[in-house]
1. Tell me which residues, restricted to the range 5-40, are under 30 Å from Pro154 (Cα atoms) and either in contact with a Lys or Arg (Cβ under 8 Å, 6 or more places away or on another chain) or open to solvent by 100 Å² or more (accessible area, probe 1.4 Å) (or both).
2. Quick check on the range 114-132: of everything there that is in a loop (DSSP other than H, G, I, E, B) and not polar (S, T, N, Q), which residue is nearest to Asp84 (Cα to Cα)?
3. Among residues belonging to the range 62-95 that are outside any loop (DSSP other than H, G, I, E, B) and open to solvent by 50 Å² or more (accessible area, probe 1.4 Å), point out the one that is nearest to Glu138 (Cα to Cα).
4. Return the total of residues in the range 113-127 being closer than 24 Å to Lys64 by Cα and either at pLDDT below 95 or open to solvent by less than 40 Å² (accessible area, probe 1.4 Å) (or both).
5. Which residues, counting only those in the range 1-54, are hydroxyl-bearing (Ser, Thr, Tyr) and in contact with a Gly (Cβ under 9 Å, 6 or more places away or on another chain)?
6. Which ones in the range 46-61 are closer than 20 Å to Glu138 by Cα and either small (Gly, Ala, Ser) or open to solvent by 50 Å² or more (accessible area, probe 1.4 Å) (or both)?
Amino acid sequence: MFGRLLSIQITGQAEGRPMAVMAEAKYAREAILQAERGKIIDRNGELIASDTLSYRLIAVLNEKATEKGAQEPRHVVDFEKAADLLSRFIPMEKSKMIEIRDKAVANNSNVYQIEFGKAGRDISHETMLAIKEAADKEGVTGLQFIEDKKRFYPNGNFASYLIGFAMREEDENKKYPQSVKWALSRHTTRH
């Protein structure tokens, strides 16, 4: 037993398999963590900006997306029907969607998927659910949504220009730490 332990320690292998590789496979995990931007509120506690979910629309064209024996196709079977459905929910005409598809197929006959530019981005959760529901009802397949995050300004996009604009505090008798008072005195002038 002592000889076996010594052998494993010297070679790093047990039964011809490297122990370090086995340990890494068992314990090492790789994951991408999405950073969240914080909420921005004003001094009265009113929300100025926060993150919200949005979706990006993808139409899968390649038949290889559907596994053999699958009950429902994972690619768009009838693109005309899919474009007709999408034109009711996103700001793009059916003819433009068909043009995008035709151009992608002309450049690469094995194109896997297409997107619809600005019209297919920043789709709200409600619109995404409505598209999925209509697709299920009408038998349209191959439409997928990828989650994105976007900045939400409840008071309108103009707030994005105002964030960071500071107003003079009315109460000049506030208690600040000595280091802050020193920094403020160096960078402010009194009128």
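The values are calculated or read from the model by the stated rules, or taken from the named source; none is laboratory data. Computed from a prediction, not measured in an experiment: that's the story for all the values here. When we count neighbours, we look across all protein chains shown, and the Cβ atoms used for this are built from the backbone with ideal geometry, even at glycine. Protein only, heavy atoms only, side chains kept; ligands, DNA and RNA dropped before computing areas. Shrake-Rupley method; radii C 1.70, N 1.55, O 1.52, S 1.80 Å.
1. Hits for the range 5-40 are Ile32, Leu33, Gln34, Glu36, Arg37, Lys39.
2. Restricting to residues being in a loop (DSSP other than H, G, I, E, B) and not polar (S, T, N, Q), the top hit is Phe116.
3. Taking the range 62-95 as the starting set, the residues that turn out to be outside any loop (DSSP other than H, G, I, E, B) are 63-65, 79-86, 94-95.
Of the ones still in play, those that are also open to solvent by 50 Å² or more (accessible area, probe 1.4 Å) are 63-64, 80-81, 84, 94-95.
Numbers: Glu63: 20, Lys64: 23, Glu80: 12, Lys81: 9, Asp84: 11, Lys94: 16, Ser95: 19 Å.
Here the answer is Lys81.
4. So the first thing to find is which residues in the range 113-127 are closer than 24 Å to Lys64 by Cα, and the list is 113-117, 120.
With either at pLDDT below 95 or open to solvent by less than 40 Å² (accessible area, probe 1.4 Å) (or both) added as a condition, the list becomes 114, 116-117, 120.
Residues that pass the stated criteria total 4.
5. Applying the first criterion (hydroxyl-bearing (Ser, Thr, Tyr)) to the range 1-54 yields 7, 11, 27, 50, 52, 54.
Listed by number, the list holds a single entry, Ser50.
6. Residue satisfying the conditions is Ala59 alone.
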